[in-house]
Each structure stands twice: as structure tokens, then as C-alpha cells.
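The values are calculated or read from the model by the stated rules, or taken from the named source; none is laboratory data. Source: prediction; values computed, not measured. Backbone-built Cβ (ideal geometry, glycine too); neighbour counts: all protein chains shown.
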Amino acid sequence: MLDPRFVYLAVALSAFGAAGYIRDTLRGLTAPNRVTWALWGLEGLLAFGVESQQNVGLARWMTLALGAVPILVFAASFRDRNAVWRLGAFDLVCGVISVAGVVFWALVHEATIALVAFIAADQVAALPTFRKSWLAPESETHWVFFLGCANCVITVLTLKVFTTAGVLYPGVIAVSDLLLALVIVTRFGPRWRSTHRPSVA
């Protein structure tokens, strides 16, 4: 169990990762998927608002970082129109499903179902970036996801009592960010495709 003030370290790690990702975006080295980052920003800020109303405590600042960082990345993606991932039907469908999940979360009055709907919406929003990282890992910066994972793990460890509401959201994001970072840094997608490419007789 960590001192709750370690949340500030978690937020600092997110800020550091965001700075590197935004820098690479502005330099044209990283091409953010706007569907993912816009929805991550919206969902993070909504979750922060709910946690503030429920007096969650210091852990809500981690959630604020989960909303603020994507908003900054989304804004940076407009600096260079060539440094952004071209959206396709898959991205747009995921965006619509994610928004529908957020609407369902806002309307449902059963806490556990609402939480699951919110997390599902967040993960559907991540699918376009997972797909992009599989197809073109060179278009991503992995450190923001490694540090995002560390952010969530630290935040969970600062909780005085482990509850579904307190652990599930950051826990799922920690796993998702770790998988994203590994897909990017190992370049597993291109390696897998080259290994399984049909041979030409």
C-alpha cells in the first residue's frame, strides 16, 4: 500500500509521457488516431467529474490526467495534417460504438452496469489505435503507454480499500496500455505478417 500522495508521481509520469508523445506528433514522427484520442479525452474528463462529485480523493487526479493528456494529443494532431492517421470505416464504427457506450453509461442507474459500460466504451475507443499499432508500429510512440500503465498501477496501489469501482477502471487501462506499448515496441504485427505471408510458387 502506497501513500496516497504517490498519485502526484503517477500524474507526473503521465505528463512526461504526454510531452514526449506530443513532441513526436509535432515533429511528424507519430501519427495519432484522432478517434481514439478524442474519445479517451472525453471519457477521462467525464470520469474525473464523477469522481470529484463522489469525493474519491487524490486518485481523481490520475483520472484527470487520463482525460487531459488525450485532449492535448488530439489538439497537437492538428499542427501537421500529414502527421495524423487517416481514418477509415473501422475507426468510425469504433467511435460510434464508444459514444453509444458513454451515452448508455450516462443513462443507466445501476452503478456496476454503468461502470462496465463506461470501461467497455473506453476500450472500444482504443481499438483503432491497437489496429494502427499492429499495422504500423513506427507511427506510434510507446513510452506514453508504458508510463500510462505505471500511472494506473501506482494509483491502484494508493487505494486504502480495493473496491470494484476503485480498481476496475485504472486496472483495465493499465493492462490495455501495457499491451499497446508491447505491440509497438516489439513490432509484432509486421513480424507476424512477414512470417505468415503466403509464399509465391
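Scan the stretch 111-162 residue by residue and report those that are among the small types (Gly, Ala, Ser), part of a helix (DSSP H, G or I) and modelled with pLDDT of 90 or more. Within the stretch 111-162, 120, 121, 125, 126, 133, 139, 150 qualify. Of everything listed in (1) of a type in the set (S, T, N, Q); (2) in contact with an Asp or Glu (Cβ under 7 Å, 6 or more places away or on another chain); (3) part of a helix (DSSP H, G or I), the single unmet condition for residue 194 is (2). For residue 190, the conditions (1) more than 21 Å from residue 123 (Cβ to Cβ); (2) touching a Gly at 6+ places or on another chain (Cβ under 6 Å) are fulfilled apart from (2). Residue check: is residue 167 modelled with pLDDT under 90 and more than 20 Å from residue 38 (Cα to Cα)? Criteria met by residue 167.
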